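A short write-up of the structure that comes next.
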């Protein structure tokens, strides 16, 4: 669809000051030649000026309610940051603990496998199961807890 030069001028007028230099030059030249578009531009300027001159005040109840919501969400964000810091520290401690205890547990399982006379594959698989199982259990519990909290948030309308 092709727009007329008048529609183009009105679209540029509606954009206000967000025009490139070339668009401003074109619009200025068009407004010098076209009285209808010049009147439209003047009307837009008058309306914008009138709107800027109107005092706008919010009801004190609206201001208090908005402040309460902002404080509530700020507190939630702060609590979330604190929880995430604790989770990060817990992950660091678990990783460090796993790194330090893995060689010791490996030797313990090797010794128990040798004493029990079981094949290497069996005690190695037992070690992997023993080493990975706590992490899997915690992950499942955290996922279940997060899904439960998410569902509670949806039910309460948050």
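Give the span of region 1-47's Cα atoms along each principal axis, as three whole-Å numbers ordered largest to smallest.
Rounded to whole Å, the extents work out to 28, 20, 20 Å.
If R₀ is 22 angstrom, what is the calculated FRET efficiency for the pair residue 92 and residue 72, using the beta carbon separation as r and rounding to 0.05?
For R0 = 22 Å, the calculated efficiency reads 0.10.
Using a 10 Å cut-off around each Cβ, can you sort 5, 56 from fewest to most neighbouring Cβ atoms?
The most exposed by this proxy come first: 56, 5.
GNM, the chain, Cα, under 10 Å: largest mean-square fluctuation among 11, 125, 116?
Maximum among the listed residues: 11.
How large is the convex hull of the C-alpha atoms of the chain per residue, in Å³?
Details: hull volume 48.2 nm³, N = 158.
Cα-based convex hull of the chain, divided per residue, equals 305 Å³.
Which of 126, 60, 20 moves most in a GNM of the chain, Cα contacts under 10 Å?
Judging by the Gaussian network model, the answer is 20.
Quick check on region 62-139: take the gyration tensor over C-alpha atoms, sort the square-rooted eigenvalues as a ≥ b ≥ c, and tell me if it's rounded (a/c under 1.5), prolate or oblate.
prolate
Once the piece of chain linking residue 63 and residue 124 is laid out straight, how much longer is it, given 0.36 nm per residue of separation minus the C-alpha distance between them?
Value of the extension gain: 15.5 nm.
Just to confirm the number: angle between the C-alpha axis of helix 21-33 and the first principal axis of the chain, 0 to 90 degrees, nearest 10?
With both axes taken from Cα atoms, the answer is about 20 degrees.
Among 96, 105, 15, which one shows the biggest mean-square fluctuation in a GNM of the chain, springs joining Cα atoms closer than 10 Å?
In this elastic network of the chain, the residue with the biggest mean-square fluctuation among 96, 105, 15 is 15.
Simple spin-label model, 7 Å along Cα-to-Cβ: residue 79 to residue 14 in nm?
The answer from the label model is 4.6 nm.
Throughout, read-outs are computed from the coordinates displayed, never taken from laboratory work. Everything numeric here is computed off the predicted structure, so don't read it as measured data. Cβ: placed from backbone, ideal geometry, glycine included. Neighbour counts: every protein chain shown.
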